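Visitor: Quick one: this structure, given as structure tokens, is what I'll be asking you about.
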Amino acid sequence: MLLAHPAVLDDLVKRYTALELALLAGDAGPDTRQKMADVAYTLCVSTGTRDVDAALIAARLRLPGARVEDDSAAAVG
């Protein structure tokens, strides 16, 4: 499986988080929801996972400085 570069994963995680915050703040319309769905899909494809929560975990584990003390989350997906 090809793995996305950590810089790409970092950007995707930041974009997803910002869109999630916009949704929670009520500042989101259909365009924001579509962007969030697109980023979630890209995260899943980039990490080889099937849901966004697993994708976020997998992406964060690949970021520089990630410290894995419990690798049970790495098997999600």
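Visitor: Are there any pairs with C-beta distances below 7 angstrom linking a residue in the range 31-43 that is touching a residue at least 12 places away in the same chain (Cβ under 8 Å) and part of a helix (DSSP H, G or I) to a residue that is crowded, with 16+ Cβ neighbours inside 10 Å and basic (Lys, Arg), with the two at least 6 apart or on different chains, and if so which?
Guide: From residues that are touching a residue at least 12 places away in the same chain (Cβ under 8 Å) and part of a helix (DSSP H, G or I), the pairs are 39/15.
Visitor: Limited to the range 27-44, what total is found for residues that are within 14 Å of the chain's Cα centre (by Cα) and either farther than 15 Å from residue 9 by Cβ or modelled with pLDDT under 95 (or both)? Working first, answer last.
Guide: Start the filter on the range 27-44 by keeping residues that are within 14 Å of the chain's Cα centre (by Cα), which leaves 35-44.
Still in the list and also either farther than 15 Å from residue 9 by Cβ or modelled with pLDDT under 95 (or both): 35-38.
Total meeting the criteria: 4.
The values are calculated or read from the model by the stated rules, or taken from the named source; none is laboratory data. Keep in mind that this is a model prediction, so the values were computed, not measured. Note that each Cβ is placed from the backbone with ideal geometry, even for glycine, and that neighbours are counted across all protein chains shown.
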